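Contents: one structure, followed by commentary.
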Amino acid sequence: MYISTRDNWPEISAALAIKLGMVPQGGLFVPTYIPSFPLERLKDLLAASYQELAQAILEPYLDDYAAEEIRELVGRAYNNNSFGSDAITPLVSLAEDLHILELWHGPTAAFKDIALQLMPHLLSRAVQKVGSGKDTVILVATSGDTGKAALEGFKDVPGTRIIVFYPHQGVSKIQELQMTTTTGNNTHVVGVKGNFDDCQTAVKSIFGDREFARLLAERGYELSSANSINWGRLLPQLVYYFSAYVQLVRQGRLTFGDKINFVVPTGNFGNILAGWYASRMGLPVNKLICASNENKVLTDFFATGVYDRRRPFKQTISPSMDILISSNLERFLYEMNGRDGKVVNGWLTGLQEEGIFSVDLQTKEAMDEVMWGGFATEEETLATIEHTFKEKGYTLDPHTAVGVKVYHDYRKNTGDTSPTVVVATASPFKFNASVLKAIAGDEAVKGLDEFAMLGELARLTGLPIHPGLMGLDQKEVRHHRLGTKDQVPAQVLDILGVE
Ligand SMILES: *Cc1c(COP(=O)(O)O)cnc(C)c1O
């Protein structure tokens with residue numbers, strides 16, 4: 001069963017938590033207890049496939065889904081077809097103690113696919129189990145990566161329609177074409193003349209509009225959300241932490257039972273939080289290392305215990321980490337302060353009203369036990385891509401490069417030489433301009449458009465272009481909607497044919 005991080009909602013089942021997305025009056029759903037996964041069980045799974053691991057880890061969290069049902073959905077989400085290999089999340093070693101877990105082999109070339117290939121199935125089944133028989137309309141505001149991953153995940157899922165809003169001139173050409181060329185008869189994409197905040201604010205205000213919900217309900221529609229505060233998006237991410245561990249043991253690089261570190265390039269705190277749940281279940285983890293770019297709210301928070309978002313927002317070359325309010329931190333705070341929802345509520349209210357809160361000493365100490373924070377500047381990120389390419393022959397995307405830089409800082413600062421896995425969140429081809437500049441200099445990108453850059457990066461690195469990014473300039477653009485932020489509600493009604 002699931003409860004609220006702010007003690008303001010009754011216990012509910014997994015299906016209902018996934019259908020609701022978040023607690024309607026604020027708060028996130030968390031499991032009433034965290035199931036343990038003893039080492040002996042993990043040992044039995046050393047030879048298991050990714051799908052078998054997923055089955056074992058997801059089952060205890062999904063009481064109202066049958067084991068057979070989970071097996072079916074996991075099989076549909078993770079396969080050779082969607083992820084290009086049986087490993088799903090392959091592990092590559094750069095040094096004896098430094099390994100990269102590649103999470104970007106899914107259809108859209110970023111790690112969001114791991115959650116969004118499974119979550120739509122979990123949600124559509126949840127609606128069948130606890131729903132009202134209405135069609136579910138998924139509204140998504142995206143700064144680039146989530147939109148395409150959600151479109152691919154929900155494409156042709158029965159009983160669902162998905163509408164994605166993106167900032168018209170605020171995403172890369174590749175990201176825009178990824179979205180506007182999406183097929184499927186239930187997908188809709190709308191460009192908004194404004195920035196990501198405008199999209200997000202417009203979508204959030206629809207969720208809070210009861211009259212709008214009533215109008216849709218009359219026509220047989222119900223709204224839901226696919227963003228990362230939904231438990232159904234967090235849960236699938238636990239699996240690859242176990243997979244990384246098992247792969248290290250299998251490759252003879254780790255003695256079973258020894259502890260490892262994970263470095264996670266972080267934005268909304270969903271990915272690293274999944275790592276924390278994995279360690280709480282019993283995965284042998286020494287430290288979780290939270291890597292930020294110049295928007296280093298979290299680095300400062302873990303150093304001081306004060307969360308202060310009152311600072312300028314910086315646009316960086318790792319845009320998916322450009323975030324000052326990390327939504328999923330709320331779940332971590334709840335666990336770290338001994339599950340006191342009233343106190344969590346106070347902190348989050350402070351953040352909303354004043355832009356700042358600070359935790360008590362005990363909570364700070366609990367966090368220090370498991371977490372270490374660091375960051376990388378823009379120059380350091382580019383330099384890390386360059387060194388890693390020249391010295392190891394491995395090509396990092398800017399997000400993952402932030403992680404590798406912070407790994408080196410962590411080692412220097414603590415002397416800890418435990419084997420460490422850096423979680424790679426995007427294919428270098430998805431952020432090709434920055435990667436090309438880093439490895440071949442500013443001159444290398446002069447006069448090239450993004451498609452020419454894909455070819456140039458492939459030539460320089462010898463890597464195949466990610467299939468999800470290939471031939472985009474040849475595909476038919478199927479979505480042409482464009483409007484202002486004020487027209488967002490009218491766009492939704494028009495798409496659904498509601499007058
Ligand atoms: C979303 C994203 C992140 C941040 O992940 P969180 O779960 O929000 O912390 C990092 N890198 C890439 C490439 C992403 O798309």
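The values are calculated or read from the model by the stated rules, or taken from the named source; none is laboratory data. Since we're looking at a predicted model, the values are computed, not measured. Quick reminder, even Gly has a Cβ in these numbers, built from the backbone with ideal geometry, and neighbours come from all protein chains shown.
Considering Thr400, Thr388, Thr381, the condition of being of a type in the set (S, T, N, Q) and touching a Phe, Trp or Tyr at 6+ places or on another chain (Cβ under 6 Å) is satisfied by Thr388 alone. Anything in the stretch 447-470 that is more than 22 Å from Leu103 (Cα to Cα), touching a helix residue (DSSP H, G or I) at 6+ places or on another chain (Cβ under 9 Å) and in a loop (DSSP other than H, G, I, E, B)? List them, or say none. The answer is Leu448, Asp449.
For the stretch 302-317, name all the residues that are surrounded by fewer than 17 Cβ atoms within 10 Å (Cβ to Cβ) and of a type in the set (A, V, I, L, M). Talk me through it step by step, then tell me what you get.
So in the stretch 302-317, the residues surrounded by fewer than 17 Cβ atoms within 10 Å (Cβ to Cβ) come out as 303-304, 306, 308, 310-315.
Result: Ala303, Val306.
With respect to the conditions (1) under 29 Å from the mean Cα position of the chain (by Cα); (2) in contact (Cβ under 8 Å) with a residue 60 or more places away in the chain; (3) in a loop (DSSP other than H, G, I, E, B), Ile495 lacks only one, and its number is (3). Looking at the stretch 384-416, which of its residues are over 16 Å from Ile100 (Cα atoms) and either in a loop (DSSP other than H, G, I, E, B) or of a type in the set (A, V, I, L, M, F, W, C) (or both)? Matches in the stretch 384-416: Gly415, Asp416. Taking the stretch 1-72 and the helices (runs of 4 or more DSSP H) fully enclosed by it, the elements with 3 or more residues that are over 20 Å from the mean Cα position of the chain (by Cα) and over 16 Å from Gln237 (Cα atoms) are at 39-44. Look at Val264 and say whether it is on the phi < 0 side of the Ramachandran plot, assigned to a strand (DSSP E or B) and within 16 Å of the ligand (Cβ to nearest atom). Yes; evaluated as a whole, the condition is true for this residue.
Quick one: which of Ala490, Ala452 is in contact with a Gly (Cβ under 9 Å, 6 or more places away or on another chain) and without any contact (Cβ under 8 Å) to a residue 24 or more places away in the chain? Write out each step before concluding.
Details: Ala452 fails: in contact with a Gly (Cβ under 9 Å, 6 or more places away or on another chain).
Just one listed residue meets the conditions, Ala490.
Look at the stretch 268-286: where a residue is away from the ligand (no atom under 16 Å from the Cβ) and a partner is charged (D, E, K, R), sitting 6+ places away or on another chain with Cβ atoms under 8 Å, you get Arg280/Glu335; Pro284/Asp258; Pro284/Lys259; Val285/Lys259; Asn286/Lys259; Asn286/Asp416.
Selection within the stretch 232-248: residues that are more than 13 Å from the ligand (Cβ to nearest atom) and in contact with a Lys or Arg (Cβ under 9 Å, 6 or more places away or on another chain). The member of this set that is modelled with the lowest pLDDT is Gly232. Scanning the stretch 3-29 for residues that are of a type outside the set (D, E, K, R) and surrounded by fewer than 22 Cβ atoms within 10 Å (Cβ to Cβ) returns Asn8, Trp9, Pro10, Ile12, Ser13, Leu16, Leu20, Met22, Val23, Pro24, Gln25, Gly26. Within the stretch 138-164, track down each residue that is within 16 Å of the ligand (Cβ to nearest atom), in contact with a Pro (Cβ under 7 Å, 6 or more places away or on another chain) and free of Cβ contacts under 8 Å to residues at least 60 places away in the same chain. Hit for the stretch 138-164 is Glu152, nothing else.
When the residues of the stretch 117-137 are filtered to those that are surrounded by fewer than 24 Cβ atoms within 10 Å (Cβ to Cβ) and of a type in the set (A, V, I, L, M, F, W, C), the one that is farthest from the ligand (Cβ to nearest atom) is Val130.
Out of Leu94, Leu58, report the one residue that is in contact with a helix residue (DSSP H, G or I) (Cβ under 9 Å, 6 or more places away or on another chain) and closer than 18 Å to Trp231 by Cα.
Numbers: Leu94 fails: closer than 18 Å to Trp231 by Cα.
The conditions single out Leu58.
Would a scan of the stretch 74-92 turn up a residue that is closer than 24 Å to Ala48 by Cα, touching a residue at least 24 places away in the same chain (Cβ under 8 Å), surrounded by 24 or more Cβ atoms within 10 Å (Cβ to Cβ) and within 16 Å of the ligand (Cβ to nearest atom)? Among the residues of the stretch 74-92, at least one is closer than 24 Å to Ala48 by Cα, touching a residue at least 24 places away in the same chain (Cβ under 8 Å), surrounded by 24 or more Cβ atoms within 10 Å (Cβ to Cβ) and within 16 Å of the ligand (Cβ to nearest atom), which makes the answer yes.
Does the stretch 464-486 hold any residues that are of a type in the set (Val, Ile, Thr) and under 25 Å from Ala141 (Cβ atoms), and which are they?
Result: Val477, Thr484.
Restricting attention to the stretch 216-228, and to residues there that are touching a Phe, Trp or Tyr at 6+ places or on another chain (Cβ under 9 Å) and among the hydrophobic types (A, V, I, L, M, F, W, C), which single residue is surrounded by the most Cβ atoms within 10 Å (Cβ to Cβ)?
Here is the first cut: in the stretch 216-228, the ones touching a Phe, Trp or Tyr at 6+ places or on another chain (Cβ under 9 Å) are 223, 225-226, 228.
Restricting the remaining residues to those that are among the hydrophobic types (A, V, I, L, M, F, W, C) gives 223, 226.
Numbers: Leu223: 20, Ala226: 28.
Within the stretch 216-228, the match that is surrounded by the most Cβ atoms within 10 Å (Cβ to Cβ) is Ala226.
Taken over the stretch 428-476, the criterion of being buried (at least 17 other Cβ atoms within 10 Å of the Cβ) and charged (D, E, K, R) is satisfied by Lys430, Lys437, Glu450.
For the stretch 394-434, what are the residues that are of a type in the set (Gly, Ala, Ser), touching a helix residue (DSSP H, G or I) at 6+ places or on another chain (Cβ under 6 Å) and within 13 Å of the ligand (Cβ to nearest atom)?
Initial filter on the stretch 394-434 (of a type in the set (Gly, Ala, Ser)): 401, 403, 415, 418, 424, 426-427, 433-434.
With the extra rule that they be touching a helix residue (DSSP H, G or I) at 6+ places or on another chain (Cβ under 6 Å), the set shrinks to 401, 424, 426, 433-434.
The answer is Ala401, Ala424, Ala426, Ser434.
In this entry, Asn328 is excluded by the filter for residues that are over 17 Å from Gly26 (Cα atoms) and not hydrophobic (A, V, I, L, M, F, W, C).
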